[in-house]
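The values are calculated or read from the model by the stated rules, or taken from the named source; none is laboratory data. Keep in mind that this is a model prediction, so the values were computed, not measured. Cβ placement follows ideal geometry from the backbone for every residue including glycine, while neighbour counts extend to all protein chains displayed.
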């Protein structure tokens, strides 16, 4: 089980990229909050099914410490809503790949949050890996059609960078919250504990965001029903990605999981070029090399 979190994280990153692409395609029809709701509303049935399958196979009876569990998962659920909405707004302003890049600004933040709130160890190798991966993310972000680092300067001028940082912060806190929630469950394996946290989080997120939209903008909710085909894809891939992230973060610190998970950048660039026909600059290779160095350092530390 020492290495199990590595393939699980890579799977989660791949599934998340596909989910982001499906959500991005819904932005024009549903808006930011509608595309965000799709992730939770259509993902919840798949999350419940996954939990039931695991419980049937393992026969485990999780002992949930509800006060701590509810606090951790509640914080994570709210922050994940904020992170997703902010990331989708970045995508609407910029490109798909740049949206993913900005959301990965959490790499540095999540290492600090994990150390402060969960006591996760920060080794010299881990810190170096996070720095390398973050530098790679910054270089890759310069792939914007504006050319070179003009993308970063433009993002600072129009507020996109701030939205991206907000998304990264929210995702970082959410990751810590979900790991804290899963770790507060006794008598359960990592997949079962993660699935319990996932179902609880997505049920809360569906109720909060769905209830808000039913009250303030009901046509958006009906729009998610009309767009059920793409929404199902987004929901399924979102549930698969979250199951992977939650399980990996139950097995390993959030800093290691999210640093390895930055491989999502490579997947996003492939989709960006093939699906959305967005250009990639020469700086991308340098960024990917730094990202790969950070990932290899993380793997070598095991």
When you check residue 85 against the structure, is it surrounded by 19 or more Cβ atoms within 10 Å (Cβ to Cβ), on the phi < 0 side of the Ramachandran plot, assigned to a helix (DSSP H, G or I) and touching a residue at least 12 places away in the same chain (Cβ under 8 Å), yes or no? yes
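Counting only residues that are at pLDDT 85 or above, give me the helices (runs of 4 or more DSSP H) lying completely in the range 98-162 with at least 3 of them. Write out each step before concluding.
Details: elements: 106-118, 124-141, 150-158.
Those helices (runs of 4 or more DSSP H) span 106-118, 124-141.
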If residue 287 satisfies every condition in (1) crowded, with 24+ Cβ neighbours inside 10 Å; (2) at pLDDT below 95; (3) touching a strand residue (DSSP E or B) at 6+ places or on another chain (Cβ under 9 Å) but one, which is the exception? (3)
Count - residues of the range 6-31 that are under 28 Å from residue 248 (Cα atoms) and without any contact (Cβ under 8 Å) to a residue 60 or more places away in the chain: 1
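Each row is one residue, and each column tells you yes or no for (1) within 28 Å of residue 222 (Cα to Cα); (2) buried (at least 24 other Cβ atoms within 10 Å of the Cβ).
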site: 37; (1), (2): yes, yes
site: 43; (1), (2): yes, yes
site: 50; (1), (2): yes, no
site: 53; (1), (2): no, no
site: 56; (1), (2): no, no
site: 60; (1), (2): no, no
site: 65; (1), (2): no, no
site: 70; (1), (2): no, no
site: 77; (1), (2): yes, yes
Kindly indicate whether any position in the range 189-208 is surrounded by fewer than 16 Cβ atoms within 10 Å (Cβ to Cβ) and farther than 22 Å from residue 237 by Cβ. no
Limited to the range 1-28, what total is found for residues that are modelled with pLDDT under 90, more than 14 Å from residue 234 (Cα to Cα) and in a helix (DSSP H, G or I)? 1
I need a count of the residues in the range 22-51 that are over 16 Å from the mean Cα position of the chain (by Cα) and closer than 11 Å to residue 230 by Cα. 3
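Could you tell me whether residue 213 is assigned to a helix (DSSP H, G or I), in contact with a helix residue (DSSP H, G or I) (Cβ under 8 Å, 6 or more places away or on another chain) and buried (at least 17 other Cβ atoms within 10 Å of the Cβ)? Write out each step before concluding.
Numbers: assigned to a helix (DSSP H, G or I): yes; in contact with a helix residue (DSSP H, G or I) (Cβ under 8 Å, 6 or more places away or on another chain): yes; buried (at least 17 other Cβ atoms within 10 Å of the Cβ): yes.
Yes: the conditions hold for residue 213.
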Inside the range 187-205, the number of residues satisfying the requirement of being in contact with a strand residue (DSSP E or B) (Cβ under 8 Å, 6 or more places away or on another chain) and in a loop (DSSP other than H, G, I, E, B) is 2
